[in-house]
1. What's the whole-number percent of alpha carbon pairs in the protein assembly as shown lying beyond 31 angstrom?
2. Using only alpha carbon pairs under 8 Å that are at least six residues apart, calculate the relative contact order of segment A:73-168 and give it in whole percent.
3. For labels at B:A38 and A:A212 in the simple 7 Å Cα→Cβ model, what's the distance in nm?
4. Helix A:34-43 versus the longest principal axis of chain A: what is the Cα-based angle in degrees, 0 to 90, to the nearest 10?
5. Quick one: if the Förster radius is 25 Å, what FRET efficiency do B:D114 and B:T143 give, using the C-beta to C-beta distance and rounding to 0.05?
6. Restricting to DSSP H runs of at least four residues, report the calculated mean residue ellipticity at 222 nm for chain A, -39500 (n - 2.57) per run over all residues, nearest 500 deg cm²/dmol.
7. Grab the Cα-Cα distance for A:S106 and A:E123, subtract it from 0.36 nm times how many residues apart they are, and report the gain in nm with one decimal.
8. Can you work out D for segment A:1-54 in µm² s⁻¹ from Stokes-Einstein, where Rh is the Kirkwood radius over C-alpha pairs, the temperature is 20 °C and the viscosity is 1.002 mPa s?
Amino acid sequence: MIRIVRPGPLTTVQDLGRPGYLALGVGTSGAADRQSLRLANRLVGNAESAAGLEATFGGLSMVFLEPATIALTGAPVPAVLGGRPVSMNSPISVPSGAKLELGRPSEGMRTYLAVRGGLDVPEVLGSRSTDVLSGLGPPKVAAGDVFPFGSATVGPPNVDLAPVPRLPIEPVLRVVAGPRDDWFASLRPLLTGRYEVSPDSNRVGVRLRGSALERVRSGELPSEGMVTGSLQVPPDGQPVLFLADHPVTGGYPVAAVVCSADISLAAQLRPGQSVRFRLTTAH
Amino acid sequence: MMRIRPAGETAALVEVDDLAQVTGLHTALRADPPAGVAEFVPAARTILVTYDPAVTSFDRLAAGIERTRIAPADEVSGSLVEIPVRYDGADLAAVADAAGLSQEEVVRRHQSADYRVAFCGFAPGFGYLTGLDPVLRLPRKETPRTRVPAGSVAIAGEFSAVYPTASPGGWHLLGHSELAMWDTDRDPPAALAPGDRVRFVER
């Protein structure tokens, strides 16, 4: 069991989400940076789908009420366990009573903490994820919350360190054109410009500021289904990149979609950072 | 006519001419989905089809969808859901004025229609019901309410709906229902799914 001392700016419980309910208007949700949650779980010998904590911009601290094995992945943060610094991307043995404190990430946005066995909070529609848009799943993590450990293990933790590349200073995200690229004069502004990440970004989407995409069609698009990674473009021409908690349907045209492999990178974009896009093909 | 475009590397957006074709195509695809399909998101003119790129490709999936025969309306079947309503909504008088009808006639027309769940969206369990009497079609309110109570039975445009949970909303409120439209402890959690037929019954 762990007891949260301080949740930081925003910490939520996340697993790989709740697929299967899109037709009922329920998004998949789950970890915004799924690669990092999967890695954290593998490092402690968990199934990749076990629930862990997603700490947005660090600041999280907790006390372990029993011995545990943990791992930290994603946005690199200074982390202190029982007064001693611990590293990212490694399994860490924690004695009972120890306190873990995360500082602010030096790069990136979201840090993941996996505990061997996973966090045992009640599932909603097969997932322990907090969906900030639909309100499904556990409430956001608060001081005093206690999380028991589950039994989502698949083997012993037997890797000491997972080498992980540094997050790029200016990520280049690959996109597939469409489905509504024909609503715009050209994708050139998107593919040649740089976009700055706005502070209004969250788990629903990353708001971007940069060269506007010019619309060549007037009128409204009837709402339609949208996938994670969609670059939805409202009338002001500034794209919004949909993350894990995006609405299932949207009413603005999607000019292009970020490739699945680059969505974890997109989830680590922080306000003020710049990002670029490069065209690729789906098939 | 069907137009199919990629929506990233894991989904295809299928566009058809109208809502009736969406319902017919959704019925046909659910009955016999092409290999590798994960989920469908029917909407007003489109169905988003998500797929596993390890099993199929956009081109193979698109070819499979193009071969699908859109089910005609009389072949579309779905469960019948009866929704009990008390017609005491805050906008009943305003809707009656706008339609040039008495309140009793608005109620009679709203509950005598056969509705079908075209798609869900906006919030978990929020079903867009087609079949609304054309006389009752009104644009959404100029200023949405900041809070519409859960269970509100409402209309806007060509649709009727029941708000599953309290939320902001711009639809016109005709009444309310005690039927839980959304309950995560129930399987399925939503009272309505795309394709279901719906009748409102005054109580």
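Just so it is clear, none of the values below were taken in a lab; they were calculated from the coordinates. Quantities reported herein were computed from a predicted structural model and do not represent experimental measurements. Virtual Cβ from ideal backbone geometry, glycine too; neighbours counted across all protein chains shown.
1. Numbers: 57211 of 117855 pairs.
Result for the distance tail: 49 percent.
2. On the way: 118 pairs, mean separation 28.4, N = 96.
Here the relative contact order equals 30 percent.
3. 3.5 nm
4. The angle comes out near 20 degrees.
5. On the way: r = 32 Å, r/R0 = 1.27.
Efficiency, rounded to the nearest 0.05: 0.20.
6. Details: 3 runs with 19 residues, N = 283.
Value at 222 nm, helices only: -1500 deg cm²/dmol.
7. Value of the extension gain: 2.8 nm.
8. Values: Rh = 12.4 Å.
In µm²/s, the coefficient is 173.
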